[in-house]
Amino acid sequence: MQIIYILWLRQLKRYFRSKARIIGSLGQPLLFMFAFGFGFGSIYSQAGEGDYIQFLVPGVICMTILFTSVFSGLEIIWDRQFGFLKEMLVAPVPRLKIMIGRSLGGATLAVLQGVLVLGLSFLVGFRLHNPWGLIPAIGFMFLIAFLFTLFGTAIASRLKDAQGFQLIMNFLVMPMLFLSGAFFPIDILPKTVYTIISLNPLAYGVDAIRGALVGLNHFPQFTSLSILTIITILLLFISSLLFSKIEA
């Protein structure tokens, strides 16, 4: 357990050393909340759907968690290039523990980012449906973050080029984000699009956090929790298998 704690702490220290990284990572969520929230807010309300800020903020939180967690896998490629990964791999420690420690660190950072975005959302008029909903919301944030950190780790374990990783991730992450219901309701979509969204694990995370924070649910909370948990366990197995074969 000590190596897991050390790697988790290393991830946090690396993040908090860079104030520019913290500030820069909040720029995109704020842009989405202001541009989309006020730009589409009147259209959304005229359609009889209510306050768009209330609908949008959980989606922006999930977007922040998604990007932070997935791109934490990029650090594996950087560590490989600078030799730190080799030092870890030659240590008499199971690679599974190394992978879990790194993934927990990346997931924790993603949740911190999500909580920061949630705090900033009150400046644009967001209000909680129920303050107690913060507890399950943070739980779902961590589950989503851990899932997509494992996803990023699995991809990074098979690549040695940072640019290739970014291209692949953008190719996968952007469709996943826009087909998750983060920015628009999925109730009135065509059947084909709805089916695609139903296969997207992020859609269940967005819906679960939205339900916890503002009381708007499309899928039952238990269904979202079950699907996210099953996919996380599956990715944990796949990531550990791929990471065990990694060569520094």
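Quick check on my filter: what residues within the range 186-198 are under 20 Å from PHE222 (Cα atoms) and surrounded by 10 or more Cβ atoms within 10 Å (Cβ to Cβ)?
Matches in the range 186-198: ILE186, TYR194, THR195, ILE197, SER198.
Does ILE135 count as modelled with pLDDT of 90 or more, in a helix (DSSP H, G or I), of a type in the set (Val, Ile, Thr) and closer than 14 Å to VAL214 by Cα?
Yes; evaluated as a whole, the condition is true for this residue.
Determine which member of the set TYR194, TYR204 is hydroxyl-bearing (Ser, Thr, Tyr), in a helix (DSSP H, G or I) and within 19 Å of the chain's Cα centre (by Cα).
Only one candidate qualifies: TYR204.
Of (1) crowded, with 16+ Cβ neighbours inside 10 Å; (2) under 30 Å from LEU242 (Cβ atoms); (3) of a type in the set (A, V, I, L, M), LEU96 satisfies all except one. Which?
Unmet for LEU96, out of (1) crowded, with 16+ Cβ neighbours inside 10 Å; (2) under 30 Å from LEU242 (Cβ atoms); (3) of a type in the set (A, V, I, L, M): (1).
Give the range 111-156 a look and list any residue that's hydroxyl-bearing (Ser, Thr, Tyr) and either free of Cβ contacts under 8 Å to residues at least 24 places away in the same chain or in contact with a Gly (Cβ under 7 Å, 6 or more places away or on another chain) (or both), or say none.
Residues satisfying the conditions are THR149, THR153.
Here are the criteria: (1) surrounded by fewer than 18 Cβ atoms within 10 Å (Cβ to Cβ); (2) of a type in the set (S, T, N, Q); (3) part of a helix (DSSP H, G or I). Tell me which single one ASN217 does not satisfy.
(3)
State whether one or more residues within the range 102-113 are within 17 Å of SER244 (Cβ to Cβ), modelled with pLDDT of 75 or more and either touching a Phe, Trp or Tyr at 6+ places or on another chain (Cβ under 9 Å) or of a type outside the set (Gly, Ala, Ser) (or both).
Yes - at least one qualifying residue is present in the range 102-113.
So, of the residues in the range 157-178 that are in contact (Cβ under 8 Å) with a residue 40 or more places away in the chain and more than 14 Å from the chain's Cα centre (by Cα), which turns out to be surrounded by the fewest Cβ atoms within 10 Å (Cβ to Cβ)?
Ranking the candidates gives ASP161 first.
The values are calculated or read from the model by the stated rules, or taken from the named source; none is laboratory data. Quantities reported herein were computed from a predicted structural model and do not represent experimental measurements. In this analysis, Cβ positions are derived from the backbone assuming ideal geometry, glycine residues included, and neighbour counts consider all displayed protein chains.
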